[in-house]
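A.B. asks: One structure coming up, written as structure tokens, with questions to follow.
The values are calculated or read from the model by the stated rules, or taken from the named source; none is laboratory data. All values derive from a computational prediction rather than experimental measurement. Cβ sites come from the backbone with ideal geometry, for glycine too, and all protein chains shown count toward neighbours. When the accessible area is computed, the model is the full protein with side chains, heavy atoms only, and any ligands, DNA or RNA have been set aside. Shrake-Rupley method; radii C 1.70, N 1.55, O 1.52, S 1.80 Å.
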Amino acid sequence: MVRDYEPEFWLHDIYVGNSRESLVASAYFSRKIEQTRGRGYSYGGYEKNRLYWNQHASSFLEIGHLMGVAIEQPCRNVVADDLDGDGKVDFLVTTFEAWPEMKQTLRVFKNNLQESGNWIGFRLREESEGISPIGARVTLHTGDRMMTSQIVTGDSYRSQHAPSVHFGLGATTRVDSVEIRWVGGRSLVLRGPAINQWHAVRAREQP
């Protein structure tokens, strides 16, 4: 069923020319949100979460419903990490629901794909003397291929990722070398690291 949840709002024009807070607009929206939530409506229109599958860098396919993650509750945080160390990246999602009662939930979506290919992962450690993994760049070499990833922990709304890097290798069975370069200039080169496992790395391990 299609319903126009807010017909009155669309009768007016709103123009915002700067980032200053408008008390009038805030009061208007607060009153409207209270009315719609009080009748069981979602002000977001029951939008579903989406998950995009990378088609070998040619396009993306939306598979949220097929993978069981297209929930309708308003969500605020999402973090991807390999929670059980099996090389398959899992998802953590939180919801923030205001109606019919105020509550938050944490949902963990375990990756149960059977055919995931080879992989390798690196977990960088915090250290004293201002040595932080944040901003470190990890470059992987295998054959004529090179893959690079950077540690960015705050790239998700109101949440933080672990200082780790995961590379999917597919059918590749060997990694020639991995270079890890910290922001402060320290670097470490690993020759022929084992695949299908996580490697704990410290900046002080440099030769």
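A.B. asks: Looking only at region 171-187, count how many residues are part of a loop (DSSP other than H, G, I, E, B) and among the charged types (D, E, K, R).
C.D. replies: The qualifying residues number 3.
A.B. asks: From the list GLY185, GLY135, exactly one residue is closer than 15 Å to ALA203 by Cα and either basic (Lys, Arg) or open to solvent by less than 40 Å² (accessible area, probe 1.4 Å) (or both). Which is it?
C.D. replies: It is GLY135.
A.B. asks: Kindly establish whether LEU190 is over 23 Å from ALA80 (Cβ atoms), out of contact with any helix residue (DSSP H, G or I) (no Cβ under 6 Å at 6 or more places or on another chain) and in a strand (DSSP E or B).
C.D. replies: So LEU190 fits the description; yes.
A.B. asks: Go over the candidates GLY168, GLY154 one by one and state the one that is open to solvent by 40 Å² or more (accessible area, probe 1.4 Å), out of contact with any Pro (no Cβ under 9 Å at 6 or more places or on another chain), part of a loop (DSSP other than H, G, I, E, B) and not charged (D, E, K, R).
C.D. replies: Going through GLY168, GLY154 in turn, the sole match is GLY154.
A.B. asks: Still on this structure, please answer the following. Filter region 51-64 for residues that are open to solvent by 50 Å² or more (accessible area, probe 1.4 Å) and either in contact with a His (Cβ under 6 Å, 6 or more places away or on another chain) or modelled with pLDDT of 90 or more (or both) and give the result.
C.D. replies: TYR52, SER59, PHE60, LEU61, GLU62
A.B. asks: Which condition breaks for ILE71 when tested against (1) assigned to a loop (DSSP other than H, G, I, E, B); (2) within 30 Å of LYS32 (Cα to Cα); (3) open to solvent by 40 Å² or more (accessible area, probe 1.4 Å)?
C.D. replies: That leaves (3) as the condition not met.
A.B. asks: In addition: Does region 138-149 contain at least one residue that is of a type in the set (A, V, I, L, M), within 30 Å of LYS48 (Cα to Cα) and surrounded by 11 or more Cβ atoms within 10 Å (Cβ to Cβ)?
C.D. replies: no
A.B. asks: Restricted to region 116-132, and to residues that are under 30 Å from THR173 (Cβ atoms) and part of a loop (DSSP other than H, G, I, E, B), which residue is least open to solvent (accessible area, probe 1.4 Å)?
C.D. replies: Here the answer is GLY117.
A.B. asks: Which pairs turn up if I take residues in region 97-113 that are closer than 21 Å to ASP84 by Cβ and look for partners that are open to solvent by less than 80 Å² (accessible area, probe 1.4 Å) and part of a loop (DSSP other than H, G, I, E, B) with beta carbon separation below 7 Å, at least 6 apart in sequence or on another chain?
C.D. replies: What qualifies is PHE109/VAL69; ASN111/LYS88; ASN111/VAL89; LEU113/LYS88.
A.B. asks: Which residue pairs have Cβ atoms closer than 6 Å, lie 6 or more positions apart in sequence or on different chains, and pair a first residue in region 132-150 that is in contact (Cβ under 8 Å) with a residue 24 or more places away in the chain with a second residue that is open to solvent by 70 Å² or more (accessible area, probe 1.4 Å) and of a type in the set (A, V, I, L, M)?
C.D. replies: So the pair list comes out as GLY135/VAL183.
A.B. asks: Then there is this: Need the failing condition index for GLY135 against (1) at pLDDT 90 or above; (2) at negative phi, just the number.
C.D. replies: Looking at each condition in turn, GLY135 falls short on (2).
A.B. asks: Okay, moving on. Answer with yes or no whether ALA200 is surrounded by fewer than 17 Cβ atoms within 10 Å (Cβ to Cβ) and touching a Phe, Trp or Tyr at 6+ places or on another chain (Cβ under 9 Å).
C.D. replies: Judged against the criteria, ALA200 is a match.
A.B. asks: Just one of (1) under 18 Å from ASN118 (Cβ atoms); (2) at pLDDT 95 or above trips up GLY170, so point out which.
C.D. replies: Result: GLY170 fails condition (2) only.
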